[in-house]
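I have placed the structure first, in the form of structure tokens, so that the comments after it can refer back to it.
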Amino acid sequence: MINELHGLSGTLKDSGISVYEWHKQYKPVPKATSSSPSIRIWLSEDGSVCGLESLNAEQANTLRKYGNNQQTFPAFNIAALYRITDVDRIKKLEKMETGQAKIEIAEVKSWCEHDNWIKKEKQILRCLDDCPKELAEMLSSQPSFCGSIINNLMDLCKKLITQNGGFRLSLETLIFEKLQKGENLRLMLLLLFHRGNSRRDHKADTGSNISVVLDVHNWQKYAYPVANEHTTSSLNDMLQAASLQNLNQHKTNSSSDAFGLPFSHLGATMPSVKLGGFDVTLRSMYNGQPCQYRYNKIGDESYPITHENRAKIKAALEWISNPEQKGITWEHVDRNEIVFVYPSSLPEVPLKMVSFFSNGLSKPSAKQEARFENITREFMQTLNGIPTHHKPKFFQVFTIRKMDNARSKIIFAQNTTPEALAQAAQQWTAGCRNIPKQDIGELITPFPLSVSVIANNVWKYNGDLAQGKTAVIRMKPYQGIELLLGLLSKDIRFSILHFTLSNSLGLIAYLGNFLHGGSRATDNSEVKKAKLRMNDAMLVLSFLGLLLYQSKIEKENYMEELAFLIGQFLHISDELHALYCQNKRDGQIPPQLAGNALFVAAGTTPIQALAQLSTRMNPYVAWAKQYRFENVEEKGKESWRARWLLNLFEQLSDKIASKINNDIRFGDYDRAQLFIGYMASLPITKKDGSTEILKEENSIGGENE
């Protein structure tokens, strides 16, 4: 991670981009929402709590707090003051919040029986006393600190904790004053009561943290209050200056860091950055890991990085992961993984670099407004419009994954040139189109980071996903990028093909049976379910086409091979069986059609499957030979369909007979072609009686007969 981000810091410097650096212990407050607000607590000149208000999300999200997991300042977390578990009381409390019930102060006070600060009292005291002392000592050398609003707030905190009853009593007193006046009821009751569960132990049921920030009520003489982005940045500037001053006092040039700068032992952990959903430490230096002792050096000496480079690397990660850069330089792979992309030089017009790999959706969809082809075409047009001397020479791609609560790591990193990326996109599109047109819809090109979902999904034979509590993860998301860039070996591609076929067998069998005859069903729920599965099947087929293409097996050739022809033969058999049932059995189509019943067997032992199929199809073929001359035009029973299907059946029988023998066994490449052939549109019949397999456009069977 350090190497990738150090390269990015150089790119930012070369591009003239100045990144604001935050002190490593000065971290954002929790994101404010309507259900979890950030609350400002005003302190008066005597140190008592004199005001409470909920900050809007935009304002709250600009604030930061100094400290660590044990203590922070001027913002920290508290819990509701009391816990109630009685169901009737909770219901009445909810009515009070919405104004449906009048607040009786005496009654509400009678509910204040169970203290809910059983785990918070000591931590809150550290936030009001220990943390401000530590911060004041650090900033004492800064000229601007003495007359700052932060210094004044620290003095007020001293008065607050020395009052009779301290912070808690002062806060509770003001809450009841507000309730008495009927002011901001929802917020006051949120601070006062946690709705607990009587069946849970109280220590394990204290409710969610409530984020609060202390502020000076008479802030006007300081220009800005504490809870303000100007004060936030001012405090950060003082922290950075104090850290740099302390570093210079202890600096020795006894050795160099990993990038050649003079290094001295800092004795401090590497900084961390909060990404979308999890924190990332630039490098773990936990001395409990045996690898830390490999070269007899511990902590920051095991991989020396100067303070300057640490700051640059941290700033680079904060820049590339900025929420405004989402869809340009980064995108979520899933909840615990993020992909990043940056160029060797930054053009004036932002390039949506990450769009090559992901469209921002967690699941692939046929209804994507931004298709892979359109996005990559737009990207290349923008790239080609950049002057040659400003055009990036390469793109750096890497993914960071949260491994557990304490660790995150880069699991994939690769450089690629614009030319290689353009060629990869063309090959990817061609590969996903390496299948003939399908009855189920238009061809879809999945994004590289979506193909792992396609490969890992396990389907039942009824068309439902068979995922348990733990999802199957045979293919990792980043392997989709490797597949795009041509980095996967033949063996790994073959392994992916193998389990994709195994996982998707149930879906193809289910949907093929439905479309070839079951689509005439009257069960609306079943029809609706099948339509939803068409998109999933289309993605599977596109992915199979891609894997075949990357193995030099292209549709112009494999559509004349035995496996594809047998797939088509099973399709035709299904259609002929369904047409027979429509006419001779009053539309009562069996749960499984003739070809579909032998679809699984055909994937391993085709000669035995065809032998069984020929026996089953004899009565339907004999009927079709008679029915084709009936001139029936009733919808669903057209006699021309019997003539068309019978013609295809006989032509494919001849082709298959010339290619098959008793020793043939299908492997995974053959099975992929069988899948595609079974779902592909049937050939059309020309006027001269010959047939043409659809390679470029769909057609409803028999229209051109």
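The values are calculated or read from the model by the stated rules, or taken from the named source; none is laboratory data. Owing to the predicted nature of the structure, the values given are computational and were not obtained by experimental measurement. All Cβ positions, even for glycine, are placed from backbone atoms using ideal geometry, and neighbour counts span all protein chains on display.
General observations
- Residue list for segment 384-415, restricted to those being crowded, with 19+ Cβ neighbours inside 10 Å and aliphatic (A, V, I, L, M): Val397, Ile400
- On inspection, Glu650 fails the criterion of being assigned to a helix (DSSP H, G or I), among the acidic types (Asp, Glu) and under 21 Å from Phe514 (Cα atoms).
- Just one of the listed residues (Ser36, Ser18) is surrounded by fewer than 19 Cβ atoms within 10 Å (Cβ to Cβ), in contact with a helix residue (DSSP H, G or I) (Cβ under 9 Å, 6 or more places away or on another chain), part of a loop (DSSP other than H, G, I, E, B) and not charged (D, E, K, R), and it is Ser18.
- Restricting segment 116-140 to residues that are of a type in the set (Lys, Arg) and without any contact (Cβ under 8 Å) to a residue 40 or more places away in the chain leaves a set whose member that is surrounded by the fewest Cβ atoms within 10 Å (Cβ to Cβ) is Lys122.
- Restricting attention to segment 412-453 and to residues that are closer than 21 Å to Ser355 by Cβ and β-branched (Val, Ile, Thr), the residue that is nearest to the chain's Cα centre (by Cα) turns out to be Val453.
- Among residues of segment 486-496 being of a type in the set (A, V, I, L, M, F, W, C) and crowded, with 17+ Cβ neighbours inside 10 Å, the one that is modelled with the highest pLDDT is Ile496.
- Meets criteria (acidic (Asp, Glu) and surrounded by 15 or more Cβ atoms within 10 Å (Cβ to Cβ)) for Glu113: no
- Meets criteria (basic (Lys, Arg), surrounded by 13 or more Cβ atoms within 10 Å (Cβ to Cβ) and over 45 Å from the mean Cα position of the chain (by Cα)) for Arg616: yes
- Residues considered: Asn535, Asn557. Of these, the only one that is assigned to a helix (DSSP H, G or I), modelled with pLDDT of 85 or more and assigned by TED's automatic domain parsing to the domain that holds Ala597 is Asn557.
Results for (1) surrounded by fewer than 18 Cβ atoms within 10 Å (Cβ to Cβ); (2) at pLDDT below 90; (3) not in a strand (DSSP E or B), shown as yes or no for each residue.
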position	(1), (2), (3)
Arg199	yes, no, yes
Ser208	yes, no, yes
Val226	no, no, yes
Thr232	no, no, yes
Asp237	yes, no, yes
Ala242	no, yes, yes
Asn248	yes, yes, yes
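- Qualifying residue in segment 630-637 (condition: part of a helix (DSSP H, G or I) and either of a type outside the set (Val, Ile, Thr) or under 49 Å from the mean Cα position of the chain (by Cα) (or both)): no
- Contact map, segment 68-96: residues that are on the phi < 0 side of the Ramachandran plot paired with residues that are buried (at least 20 other Cβ atoms within 10 Å of the Cβ) and among the aromatic types (Phe, Trp, Tyr), Cβ distance under 7 Å, separation 6+ or inter-chain. Pairs shown: Thr72/Tyr66; Phe73/Tyr66; Ala80/Phe193; Tyr82/Phe193; Ile84/Phe193; Leu93/Phe193.
- The set of residues in segment 84-120 that are among the charged types (D, E, K, R) and in contact with a helix residue (DSSP H, G or I) (Cβ under 8 Å, 6 or more places away or on another chain) comprises Glu97, Lys102, Lys109, Lys119.
- If only residues of segment 459-483 that are in contact with a strand residue (DSSP E or B) (Cβ under 9 Å, 6 or more places away or on another chain) and over 22 Å from Asn336 (Cβ atoms) are counted, the one that is surrounded by the fewest Cβ atoms within 10 Å (Cβ to Cβ) is Ala466.
- Extreme residue, surrounded by the most Cβ atoms within 10 Å (Cβ to Cβ), among residues of segment 443-458 that are in contact with a Phe, Trp or Tyr (Cβ under 7 Å, 6 or more places away or on another chain) and among the β-branched types (Val, Ile, Thr): Val451
Residue by residue, here is whether (1) in contact (Cβ under 8 Å) with a residue 40 or more places away in the chain; (2) small (Gly, Ala, Ser); (3) within 13 Å of Ile566 (Cβ to Cβ); (4) surrounded by 14 or more Cβ atoms within 10 Å (Cβ to Cβ) holds:
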residue	(1), (2), (3), (4)
Ala622	no, yes, no, no
Glu633	no, no, no, no
Ala642	yes, yes, no, yes
Asn647	yes, no, no, yes
Asn661	yes, no, no, no
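- Pairs where the first residue, in segment 143-166, is touching a residue at least 60 places away in the same chain (Cβ under 8 Å) and the second is surrounded by 14 or more Cβ atoms within 10 Å (Cβ to Cβ) and hydroxyl-bearing (Ser, Thr, Tyr), C-beta under 6 Å, 6+ apart: Ile149/Tyr222
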